[in-house]
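The values are calculated or read from the model by the stated rules, or taken from the named source; none is laboratory data. Small disclaimer: the values here were computed from a predicted structure and weren't measured. Neighbour counts are summed over all protein chains in view; Cβ atoms, including those assigned to glycine, are modelled from backbone coordinates with ideal geometry.
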């Protein structure tokens, strides 16, 4: 029986939604983040803000929320020539992938998360990867996650689950999921409260911009991450009849 989970928590929209989902389904949840020299380093600061606001607004969930861990994996940034680890323009590469793709990032993150989970007695790794409404990263695909789950379970000699609650959701559905989970946790306005927490405190923008406030949150409004988040917000609000 899997009752204890480790959420790969970046401080962004997707991982915050995954955290809500995990706290709904598991008895004990811990979080892990990674400092890899990312250009949008501000996301690491926002992680703490989100967790603090989370504990204050949702006490029932806070009772299940355990320790937070941050690992230094700067070597990943040093071996990566990408627009997430270097000051360069966002563009598509000749091979068809955006230059925001950091090779091996999710593979390394999940391997390190599995090692920590082993030591902490956690058997589920929750990650916000998605291949429905995403940038085309090969290490976000369902097949990659299934293969890695097998490899990690064999390598750790224990059954580990890689849980991907957003895999088949587009960004509009992710906003809706956050609302539904918040409402379930607190029927007296929890849905709107969780959405507003995500809007106000999470960080997605690859440029690390928190000077510009949009309806969907802070960001440059032009990078691929902002485009996905903004488009999902617009679709979700339109589907809800809010214009």
| query | Which residues, taken from segment 15-43, are over 19 Å from residue 2 (Cβ atoms), over 12 Å from the mean Cα position of the chain (by Cα) and without any contact (Cβ under 8 Å) to a residue 40 or more places away in the chain? | reply | 35
| request: Please enumerate the residues belonging to segment 152-168 that are more than 21 Å from residue 181 (Cβ to Cβ), surrounded by 15 or more Cβ atoms within 10 Å (Cβ to Cβ) and out of contact with any helix residue (DSSP H, G or I) (no Cβ under 6 Å at 6 or more places or on another chain). | output: 153
| helices (runs of 4 or more DSSP H) contained in segment 129-227 and holding at least 3 residues closer than 17 Å to residue 12 by Cβ | 171-185, 190-201
| remark: Restricting attention to segment 228-243, the residues that are assigned to a helix (DSSP H, G or I) and surrounded by fewer than 20 Cβ atoms within 10 Å (Cβ to Cβ) number exactly 7
| task | Given the conditions (1) surrounded by fewer than 20 Cβ atoms within 10 Å (Cβ to Cβ); (2) at pLDDT 95 or above; (3) part of a loop (DSSP other than H, G, I, E, B), report the number of the one that residue 116 does not fulfil. | result | (3)
| query | Of these, 37, 11, which one is under 28 Å from residue 172 (Cβ atoms) and at pLDDT below 95? | reply | 11
